Amino acid sequence: MSIICVIGTGYVGLVTGTCLADMGNQVTCVDIVQEKIERLKQGILPIYEPGLEEMVERNVQAGRLHFTTSYAEGLDSSEFVFIAVNTPTGNTQGGADMRYVEAAARSIAEELDHYAVIINKSTVPVGSGDFVSRVIQNNLKRADVSFSVVSNPEFLREGSAVLDFQKPDRVVLGSSDPEAAHRVAKLYLPLRAPFVITDLYTAEMIKYASNAFLATKISFINEIAQICERLGADVKEVAAGMGYDKRIGSAFLDAGIGYGGSCFPKDVRALAHMADEAGLHPQMLHAVMEINYDQRRLIVDKLTNILGTLRHCTVGVLGLAFKANTDDMREAPAVDIIRWITAQGAQVQVYDPVAKETGREALAREGVNMELVTFCENAYDVANNADALVIITEWNEFKSLNMQRIRGAMRRPVLIDGRNIYEPSEMNRCGFIYRGIGRGTGPAPTVLPPGDTTSILEQQVPLTLEEA
Ligand code: UDX
Ligand code: UDX
């Protein structure tokens with residue numbers, strides 16, 4: 001059993017602290033937001049993460065998990081101090097904002113009265129371990145106190161973060177003090193995962209390179225999707241066919257509206273920024289970002305190709321969160337897409353099973369005209385009198401809708417499937433003008449008049465190579 005302090009009770013800190021407590025450790029989670037801590041003490045979580053609420057409750061009841069706003073209380077006797085505060089994009093060039101990490105390091109220094117291992121969980125630019133060391137060293141209240149810094153990047157996917165913590169593919173630890181890295185490794189021993197123990201810089205780089213690689217896979221398949229669409233191939237089958245090759249792997253080859261969330265966008269930007277700053281020209285990272293942005297535009301292009309103008313149209317939107325099983329709206333493609341649709345004069349009807357409040361806040365904050373947005377109670381209400389339906393998030397409940405009922409409720413049967421969750425042939429049979437991403441339905445712009453759609457439905461034949 002170890003005594004652990006976790007700074008930051010967001011998506012990463014709360015999962016990390018709770019899972020460490022579940023392994024039998026004594027954990028105190030510290031956050032500067034009083035309201036968050038008060039609510040956590042009542043068992044109310046600031047985030048939606050499957051399985052977490054029950055785990056928090058269990059560990060609080062067992063007396064292993066505590067919440068406080070006091071660094072002194074959190075650090076009291078702690079052998080390990082995890083820094084898990086946010087590191088958003090901080091400048092226009094894409095660099096990470098280190099203000100919160102710096103604030104956490106200062107506060108640790110002011111209260112630390114015994115040796116502890118400080119662990120960077122936040123994703124921080126290469127070299128930040130040294131930065132944290134300097135900040136702590138320069139602000140230590142007690143000169144006789146020593147500490148070590150270890151980088152231990154997180155690889156937790158929102159929506160499956162608890163499972164990712166409990167069954168990691170690997171645990172990465174970097175430090176200039178190998179003894180400290182080994183102490184942290186002992187914490188993770190029960191997870192029986194492979195350890196990668198490196199110097200600080202390398203561990204920090206492993207995190208960026210991993211996220212950049214996954215983002216690259218997504219942009220790669222999105223580019224292939226565009227080519228598939230033009231040439232009449234089906235990107236889902238292409239990805240499946242590629243994925244059987246062990247050198248390629250099937251994960252992260254789902255074409256769609258592009259990646260969002262709190263990590264990929266900011267981490268690819270930050271890595272490109274670090275490379276730029278180092279005098280390099282990271283062409284591939286820039287291409288990955290550009291392709292990703294274009295995927296969002298593609299949804300609006302598909303809508304206007306079919307509907308002509310969006311003025312006076314009603315567009316139904318299924319899903320707001322950046323992916324399923326989370327309420328997180330950070331860099332969610334839904335925000336740009338809804339902003340562009342409403343800017344063209346369309347009304348939007350939207351439903352997300354979980355990201356209601358976070359979604360409403362994000363849309364308002366990002367300048368969407370909220371008078372044009374109606375929040376609905378379910379997917380069928382979204383379809384009601386809509387001229388088109390757009391699937392943004394791949395929630396399970398959107399995969400098993402009664403599509404006849406949806407079709408019957410709509411004014412015009414246009415379905416833009418940003419996540420490729422439906423089969424084009426089935427949707428065509430159902431009477432939809434269906435457009436997925438890279439499903440070989442051909443490029444010909446089809447302007448759909450209000451009223452009779454029979455002639456258009458007859459055109460739902462993939463282009464042949466010659467036609468393309
Ligand atoms: C984490 C990582 O730390 C980030 O670097 C990584 O790339 C993504 O995941 P995340 O957990 O998503 O960030 O951040 P967030 O959900 O915003 O939580 C951060 C928490 O830290 C908040 O609860 C915030 O109140 C708290 N905080 C922030 C502090 O306690 N002190 C601060 O000085 C700043
Ligand atoms: C990511 C990392 O996977 C995780 O290791 C950690 O570093 C935090 O960041 P997360 O952002 O929670 O996790 O979700 P992830 O499942 O990786 O998806 C990121 C984005 O990529 C989502 O917008 C998702 O919809 C998109 N995506 C993912 C695709 O478009 N296609 C895919 O095949 C996979």
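The values are calculated or read from the model by the stated rules, or taken from the named source; none is laboratory data. Quantities reported herein were computed from a predicted structural model and do not represent experimental measurements. Every residue, glycine as well, gets a Cβ built from its backbone with ideal geometry; the counts of neighbours run over all protein chains shown. Remember, those area values only see protein heavy atoms, side chains included, never the ligands or the DNA or RNA. Shrake-Rupley method; radii C 1.70, N 1.55, O 1.52, S 1.80 Å.
From Cα pairs below 8 angstrom and at least 6 apart in sequence, can you work out the relative contact order of region 58-170, rounded to a whole percent?
Working: 142 pairs, mean separation 26.8, N = 113.
So the answer I get is 24 percent.
Tell me the Rg and the Dmax, in Å, that the Cα atoms of region 259-323 produce.
Final numbers for Rg and Dmax: 16.4, 50 Å.
Place a point 7 Å from the Cα of Val33 along the Cα-to-Cβ direction; which residues of region 319-335 have their backbone N under 14 Å from it?
Correct set: 327-330.
Using all Cα-Cα distances in the chain, what percent lands in each 20 angstrom bin from 0 up to the longest?
23, 50, 24, 3, 0
What is the helix-to-structure angle for 200-231, meaning the angle in degrees between its Cα long axis and the longest Cα principal axis of the chain, kept from 0 to 90 and rounded to the nearest 10?
The answer is roughly 0 degrees.
At a 1.4 Å probe, what is the % contribution of carbon and sulfur to the accessible area of the chain?
That share works out to 50 percent.
Quick check: with the 1.4 Å probe, what order do Arg419, Arg183 take by accessible area, largest first?
Working: Arg419 50, Arg183 100 Å².
Solvent-accessible surface, decreasing: Arg183, Arg419.
For region 334-381 and region 257-284, what is the centre-to-centre distance using only Cα atoms, to the nearest Å?
Between the Cα centres of region 334-381 and region 257-284 lies a distance of 28 Å.
Could you give the length gained on full extension between Asp169 and Glu54, defined as 0.36 nm per residue of separation minus the Cα-Cα distance, in nm? Kindly include the intermediate steps, with their values, before the conclusion.
Details: separation 115, 0.36 × 115 = 41.40 nm, distance 2.43 nm.
Gain in length upon complete extension: 39.0 nm.
Give me the percent of DSSP beta bridges within the chain that run antiparallel, rounded to the nearest 5.
Values: 3 of 47 bridges.
For the chain, the DSSP antiparallel bridge percentage is about 5.
For Lys186, which lysines qualify as cross-link partners when the Cα separation must be under 23 Å and same-chain residues fewer than eight apart are set aside?
Lys121, Lys167, Lys207
Taking 0.36 nm per residue of sequence separation and subtracting the Cα-Cα distance, how much length would be gained by fully extending the chain between Glu110 and Thr374, in nm to one decimal? The partial results should precede the final answer.
Values: separation 264, 0.36 × 264 = 95.04 nm, distance 4.87 nm.
Fully extending the segment from Glu110 to Thr374 adds 90.2 nm.
Taking a probe of 1.4 Å, how large is the accessible area per residue of the chain, in Å²? Before the final figure, lay out the partial values.
Values: 20510 Å² over 468 residues.
Per-residue accessible area for the chain comes out at 44 Å².
Could you tell me how many degrees, from 0 to 90 and to the nearest 10, lie between the Cα long axis of helix 178-188 and the main elongation axis, the longest principal axis, of the Cα atoms of the chain?
Between the helix axis and the principal axis of the chain, the angle is about 60 degrees.
How much accessible surface area, in Å² rounded to 10, belongs to the heavy atoms of Phe165 with a 1.4 Å probe?
Accessible area of Phe165: about 10 Å².
Tell me the label-point distance for the pair Thr92, Leu280, using the 7 Å Cα-to-Cβ offset, in nm and rounded to one decimal.
Here the answer is 2.5 nm between the modelled labels.
At 1.4 Å probe size, with no ligands or nucleic acids counted, give the accessible surface of Lys167 in Å², nearest ten.
150
Once every Cα of region 221-468 carries one equal point scatterer and solvent is ignored, give the base-10 log of I(q)/I(0) from the Debye formula at q = 0.09, 0.13, 0.14 Å⁻¹, two decimals.
Computed log10 I(q)/I(0) values: -0.39, -0.81, -0.94.
Rolling a 1.4 angstrom probe over the protein chains, ignoring ligands and nucleic acids, what is the accessible area of Thr69 in square angstrom, nearest 10?
50
With each label point set 7 Å from Cα along the Cα-Cβ vector, what nm distance links Ala103 and Ser160?
3.4
Check which residues have an amide H placed less than 5 Å from Leu389's amide H, if you skip close sequence neighbours.
Gly316, Val414, Leu415, Ile416
Going by accessible area, probe 1.4 Å, with all protein chains left in place, what is the ranking of Met1, Met242, Met403, largest first?
Numbers: Met1 150, Met242 45, Met403 15 Å².
Ranking Met1, Met242, Met403 by accessible area, largest first, yields Met1, Met242, Met403.
What relative contact order, as a whole-number percentage, does the chain give when Cα pairs under 8 Å and 6 or more residues apart are counted? Could you put the intermediate results ahead of the total?
Numbers: 949 pairs, mean separation 57.2, N = 468.
Here the relative contact order equals 12 percent.
Roughly how many nanometres apart are two label points built 7 Å out from the Cα toward the Cβ at Glu237 and Arg365?
Label at Glu237, label at Arg365, 4.3 nm between them.
Let me make sure I get this right: for region 11-123, a, b and c are the square roots of the gyration tensor eigenvalues over alpha carbons, sorted descending. Under 1.5 in a/c it's rounded, otherwise prolate if a/b > b/c, else oblate. Which is it? Present the calculation step by step, with values, prior to reporting the outcome.
Numbers: a/c = 1.87, a/b = 1.26, b/c = 1.48.
Oblate is the answer for region 11-123, as a/c is 1.5 or above yet b/c matches or exceeds a/b.
Could you tell me how many degrees, from 0 to 90 and to the nearest 10, lie between the Cα long axis of helix 128-139 and the main elongation axis, the longest principal axis, of the Cα atoms of the chain?
Computed tilt is about 40 degrees.
Sequence neighbours fewer than 8 away in the same chain don't count; with that in mind, list the lysines whose C-alpha is under 22 Å from Lys236.
Candidates past the 8-residue exclusion: Lys217, Lys246, Lys302, Lys323, Lys399.
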